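What follows is a set of notes on a single structure, which appears directly below.
The values are calculated or read from the model by the stated rules, or taken from the named source; none is laboratory data. Quick caveat, the model's predicted, so the values are computed rather than measured. Quick reminder, even Gly has a Cβ in these numbers, built from the backbone with ideal geometry, and neighbours come from all protein chains shown.
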Amino acid sequence: MRMLLRAVIPTETANAAVRKGTLESTLKKILADLKPEAAYFVATDSGERCAVVIFDMKDSSELPRVAEPWFLAFNAQVTVRPTMTPEDLAAAAPGFKRAIKEFGK
């Protein structure tokens, strides 16, 4: 299943990694394991560094493998959510129709 991971890295933790010269290499190592479809780095509304990563997760038991590196390396706040492409959304039409039939009163 295509997933969206958002890892917010506390400023002090990120600054320490930048000063030590380990931020880039640690991110590369984490991403190499995830084999993402896409990865972006942004600032949050509160100014913290944030990674936004789209990747494939076959089973929920993979969640520790996905999240723990961010927790341990960066003390990050991590969220993981399923996502859909436009094609996925089109394929979901039967689910919408069933929900309308059952609950759309």
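Assorted remarks:
- Selection of segment 6-22 for residues being aliphatic (A, V, I, L, M) and without any contact (Cβ under 8 Å) to a residue 60 or more places away in the chain yields Ala16, Ala17, Val18.
- Top-ranked residue of segment 37-87 - restricted to ones that are of a type in the set (D, E, K, R) and touching a residue at least 40 places away in the same chain (Cβ under 8 Å), ranked as farthest from Gly21 (Cα to Cα): Lys58
- Only a single criterion out of (1) modelled with pLDDT of 95 or more; (2) over 20 Å from Thr22 (Cα atoms) is not satisfied by Ala93, namely (1).
- Residue-level analysis places Ile54 among those that are within 14 Å of the chain's Cα centre (by Cα), within 16 Å of Arg81 (Cβ to Cβ) and not charged (D, E, K, R).
- Looking across segment 30-49, just one residue is within 17 Å of Met3 (Cβ to Cβ) and either at pLDDT below 95 or among the hydroxyl-bearing types (Ser, Thr, Tyr) (or both), and that is Tyr40.
- When residues in segment 44-102 are screened for being of a type in the set (Phe, Trp, Tyr) and surrounded by fewer than 16 Cβ atoms within 10 Å (Cβ to Cβ), 2 of them pass.
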